[in-house]
Amino acid sequence: MIPEKCIYILSALEKSGFQAYIVGGCVRDMIMGRSVHDFDITTDALPNQIIEIFSEDKIIPTGVKHGTVTVLHKGEAFEITTFRVDGSYTDLRRPDTVSFTSSLKEDLARRDFTMNAVAMNLSGKIFDFFGGISDIENKLIRCVGKPEQRFSEDALRILRAIRFASILNFEIESETAESAIKLKDRLDFISAERIKSEFVKLLCGENAVDTLLKYREIIGQIVPEIKDCFNFSQHSKYHKYDVYEHIARAVGMIPADSENVEILRIALFFHDIGKPSTFSLDENGRGHFKGHAGKSAEIAEKVMHRLKFDNRTVDIVCMIISHHSDNFDFGDEDRKSMPLSEIKRMISKIGADRFFLLLELKKADNSAKHDFVLHENNEIENISKTAQRLINENCCIKISQLEINGNNLIQLGFRGREIGRCLETLLENVIDGNIENNYSELMKFAKEML
């Protein structure tokens, strides 16, 4: 049934003598029983007629050139687009020209995939000219018409296809998949912002692992640096997959409904991308990747800036990647647990929120290795509980928590940079348990330093 909030729009268009339908992904998701947030509406009314019909509502004529008018009604925005036929796509993204039509079928024929080429009228009747309902039922992504033509018109559809495969857990029909891979180089002409948006959504899908593995050639087109990881054997007793497959499976170890799924899956995609460039083989045939965490963070920063990620996301992702091998060698005979001082020091260094993200990343990393490595995750859980206890107890892990401050040190005679260095030294000694965090002891220690 048509949602209540769409009835006003469709009714107003029909009462004025026009056809009107909700169309595309919203209809697909309704058929699948998925929640729908945005509703697109299509009609044979021309843009100026739409504006006249909704003259009492606020109108945003942002897409009038391509037949789209946005109507704001009771706080909701509805995009209403006139039936159209697209001209040529010389920029591989948008049609150079559009011509309006009175035919719903012609309008649906220009759309990307059959599952999105379905429409529903006010009475709830579905119009499906290209087998979209059947493909939805069979969980199949298929282009409307010839795949090569669809992808040649708008290369972003290549990424949209694999993004839908990841999010909806659908298969891509063979001819559609072959064409997507064949034309993948056309993605080079798509803006970084649009690539990033589709890529992040893909990473967060329930079927992200299979999608990353099946369509790695397309992933390699948008992130060329990842191609070095393809089929790269790790020669390690801890790993059962090559570098790329390990990365893909680690991504999937973060549940799709996790609160931090986006930031963690992005970080896991990049966390070992620097391994091939740091690889060495010892005399026993064992692989080593010394410094790979720092190298991976370096590559991640370069790629994420190129794809126009915001600075905060880049900073968090690169921070936790660069530390994902720090003091976590629980499988080694000489390390059984992370010392309390190291937990405090790490929280002090990167912050509590990032520390807990780091622990989640490390657990996912371990979960994509051999089963015997999983014992480390129990220790990581203990570290997490200890860290939370320290925070709850307001344990001193930041300079601001010291019982003395810069003014106290100035009174003792410290000046300039000496003040900051002294506070850092005091905090280090408090963390290590050498001194108590109380005013008298701290002042006494500071006097000795002076």
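The values are calculated or read from the model by the stated rules, or taken from the named source; none is laboratory data. Nothing here was measured: the structure is a model prediction, and the numbers come from that model. Glycine also receives a Cβ, built like all others from the backbone with ideal geometry; neighbour counts cover every protein chain displayed. Ligands, DNA and RNA are excluded from the accessible area calculation, which covers all protein heavy atoms including side chains. Shrake-Rupley method; radii C 1.70, N 1.55, O 1.52, S 1.80 Å.
Structural remarks
- Gain on full stretching of the segment that runs from ASN392 to LYS5 - 0.36 nm per residue minus C-alpha separation: 134.7 nm
- Among [x] 1.26; [y] 1.01; [z] 1.20, the entry derived from the coordinates for Cα Rg over 2.2 N^0.38 Å: [x]
- The chain - percent of accessible surface contributed by carbon and sulfur, probe 1.4 Å: 45
- Number of Lys pairs (Cα under 13 Å; 8 or more positions apart or on different chains) in segment 231-382: 4
- Taking label positions 7 Å along the Cα-Cβ direction at both GLU342 and TYR89, the computed distance is 5.2 nm, reported to one decimal.
- Total formal charge among the other residues, if their Cβ is under 12 angstrom from that of ILE391, Lys/Arg +1 and Asp/Glu -1: +2
- Gaussian network model of the chain, Cα within-10 Å springs - most flexible of ARG312, ARG186, ARG160: ARG312
- Equivalent-ellipsoid semi-axes for segment 42-161 (Cα gyration tensor, √(5λ), whole Å, largest first): 26, 19, 13.
- Length gained when the stretch ASP282-SER55 is fully extended (0.36 nm per residue, less Cα-Cα span): 74.2 nm
- Under the combined filter of DSSP loop state and at most 10 neighbouring Cβ atoms within 10 Å, segment 66-110 retains none of its GluC sites (Glu not before Pro).
- Protein heavy-atom accessible surface, 1.4 Å probe, per residue over the chain: 47 Å².
- When the residues SER236, SER88 are ordered by accessible surface, computed with a 1.4 Å probe over the protein chains alone, the sequence from largest down reads SER88, SER236.
- Radius of gyration over Kirkwood radius for segment 372-450, both on Cα atoms: the Rg/Rh ratio is 1.16.
- Segment 202-262 shape via C-alpha gyration tensor axes, a/c threshold 1.5: oblate
- R0 of 25 Å, Cβ-Cβ distance SER123-HIS37: FRET efficiency to nearest 0.05: 0.60
- Segment LYS237-PHE189, extension gain: residue separation times 0.36 nm, minus the distance between their alpha carbons: 13.1 nm
- Selected from THR313, VAL98, MET32, residue furthest toward positive end of dipole (the chain; charges at beta carbon): VAL98
- When the chain is treated as a Gaussian network with alpha carbon springs shorter than 10 Å, the biggest mean-square fluctuation among ASP272, ASP154, ASP353 belongs to ASP353.
- Partners for LYS444 among lysines (Cα-Cα distance below 20 Å; same-chain residues under 8 apart left out): LYS398
- Note on the chain: antiparallel DSSP beta bridges, both residues inside, total approximately 80 percent of the bridges counted.
- For segment 309-446, the pair-distance distribution built from all alpha carbon pairs, in bins 10 Å wide starting at 0, is 11, 35, 29, 18, 6, 1 percent.
- In the context of the full protein assembly, ILE410 retains an accessible surface of approximately 80 Å², using a probe radius of 1.4 Å and ignoring ligands and nucleic acids.
- Equivalent ellipsoid semi-axes, segment 113-210, via Cα gyration tensor eigenvalues times 5, rooted, Å: 23, 16, 13
- The largest accessible area among LEU203, LEU122 belongs to the first residue in LEU122, LEU203, and the rest follow in falling order (1.4 Å probe, all chains).
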